[in-house]
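Student: Take this structure first; my questions come after.
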Amino acid sequence: MQHQFVLVYRPHRFQKILPDNCNTDREVLVEPEQAGSRYCISPAKNALAAKSLKENVSWTFAGNVVFAVARWATLAIIAKLGDSAMVGQYGFAGAICMPVVVFFQFGLRILQTTDAKRQFQFQHYLAFRLVTTGASLLVIGTLIWLGGYAWDSCLLIALIALAYSMESIGETFLGLYQQSERMDFAAKSKGVHAVLLIVLPAVGLYATQSVLGAALGLAVAVALKVVLYDLPTASKLLRSELCALQSPASTLQCGRHPLLPRFHLHSFRSLLWLGLPLAAVMMVLSLSQHVPRYFIEHRLQDRDLGHFVAMASLAIAQTIVANAIGAAATPRMARLYANGNLRGFGKLIAKMLGLVGAIGIGGLLVAWVAGRELLTILFTEEYAKDLDVFLVLMATGAVMCLGTILGNGVSSMRRFRIQLAINCVKLGVVTTGCYYAVGLYGLLGAAWALLAAEVISIICYGAIILSALWRQEDAAAET
């Protein structure tokens, strides 16, 4: 079945006019000279058509598992080839860089995946990401200059910043795959990244006997992943979507390179304004996750920070399934909410919460039964001495699973500004908790502060979603 429509150009925005009898959510973005032309979309013509939700969840889960294992393997390699102090230095450098990088991402992946009406082209998103990534590097450079760190710490932070910046650019391609509901491409991208992430930092650490070598390997791994996989795959996907249109070849210009960034001032301003609340939300969220590291580094030792970072990485691994399900379902949740189908929206969220809740409880039980052995095998015996901290962190991970789904639900509603308030409360709770608890209880106090903050956040997210569902029920009852 083919769907006809007329494309109408607006300055750096794109709009379609569909006949009354046309039921399709496909969007096509064109240049000004193509406006007003009549085309047809044949979904069968597109060899890279969207996958089903079940397929996308499966691929996302596989990709996230492989990538999480690689993330953990990097820490394990540093712990085994180096020592816990190196793990702490590595984790602290990441804590310095991540909030800045996350802020300058401006929530672009969320904007991409929830852009159900395709207001912007991929080239606009890519151009915006390149500019903001450069800005993040400038800010991190300023922090290094003002921080008064030792030269090796400065170099470590700079290398981690470079790696995170390259990863930020790669996120734009993952957003494209997710928006097109081709999570198989995203999973394969993460698979390539995972292999490089295990091999290159290990080689760098072994060759230099320094955490600087591992950081350099990390940066090279991200760059190679983008060049070897993301660039050719994204080009193929965009060409396929463009050439699925049936029209004269001279008008469609299918042969033009689809990855060239388009620096349009109007698009840049629109994305900046739309993403600014998300940027603040994500930065505050990142700070709330990294605040314990700041207090531990200041009040305890690098070895203690290394233990905390390593155990937290296992706790966060519980969110693999939650991230997979949430990422795959976000475009569908966004469409359900945009179309006013809040009943379907609520049912989908409830199903996902049940699944990830069971997984979180399972992970906590495994830690309770075999946590000491797990820490000894994965890292070293000295990590097992902090078993009580590990159990609290695993409980935090279980709560984070629920928060991931609820957060994706609120993002699908495009309620970005309210998320800023929630995360500010979360940041205040974890900061206050760490201020008083780290000095008294050490790592255990930091873990309890994180758990308290996560519990408060899921209560707030749940209240927002429930209020939207209740309003719909009240409106239905009145009619």
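The values are calculated or read from the model by the stated rules, or taken from the named source; none is laboratory data. Just so you know, these numbers come straight off a predicted model, no measurement behind them. Counting neighbours? That spans all protein chains shown, and the Cβs are built from the backbone with ideal geometry, glycine included.
Student: Check 369, 389 and return the single one that is free of Cβ contacts under 8 Å to residues at least 60 places away in the same chain and either in a helix (DSSP H, G or I) or touching a helix residue (DSSP H, G or I) at 6+ places or on another chain (Cβ under 6 Å) (or both).
Tutor: Just a single option satisfies the conditions, and that option is 369.
Student: Is one or more of the residues making up region 314-332 farther than 22 Å from residue 56 by Cα, out of contact with any strand residue (DSSP E or B) (no Cβ under 9 Å at 6 or more places or on another chain) and part of a helix (DSSP H, G or I)?
Tutor: Yes, region 314-332 has at least one match.
Student: Would you please list the contacts, defined by Cβ atoms under 7 Å and residues six or more apart or on different chains, that run from a residue in region 337-358 that is farther than 16 Å from residue 466 by Cβ to a residue that is β-branched (Val, Ile, Thr) and surrounded by 16 or more Cβ atoms within 10 Å (Cβ to Cβ)?
Tutor: Note: pairs meeting the criteria are 355/325; 356/321; 356/325; 356/405.
Student: Separate question: Looking at (1) under 25 Å from residue 186 (Cβ atoms); (2) surrounded by 22 or more Cβ atoms within 10 Å (Cβ to Cβ), can you tell me which one residue 395 breaks?
Tutor: Of (1) under 25 Å from residue 186 (Cβ atoms); (2) surrounded by 22 or more Cβ atoms within 10 Å (Cβ to Cβ), only one is false for residue 395: (1).
Student: Something else: Kindly list the number of the only condition in (1) touching a helix residue (DSSP H, G or I) at 6+ places or on another chain (Cβ under 6 Å); (2) modelled with pLDDT of 80 or more; (3) among the aliphatic types (A, V, I, L, M) that fails for residue 199.
Tutor: Going through the list (1) touching a helix residue (DSSP H, G or I) at 6+ places or on another chain (Cβ under 6 Å); (2) modelled with pLDDT of 80 or more; (3) among the aliphatic types (A, V, I, L, M), residue 199 breaks only (1).
Student: State the number of residues belonging to region 272-307 that are among the aromatic types (Phe, Trp, Tyr) and surrounded by 20 or more Cβ atoms within 10 Å (Cβ to Cβ).
Tutor: Count: 1.
Student: Would you confirm whether any residue within region 408-424 is modelled with pLDDT of 90 or more, aliphatic (A, V, I, L, M) and part of a helix (DSSP H, G or I)?
Tutor: No, region 408-424 has no match at all.
Student: Continuing with the same structure: Output the residue which, of all residues in region 411-438 that are surrounded by fewer than 22 Cβ atoms within 10 Å (Cβ to Cβ) and among the hydroxyl-bearing types (Ser, Thr, Tyr), is farthest from the chain's Cα centre (by Cα).
Tutor: Going through the qualifying residues, I end up with 436.
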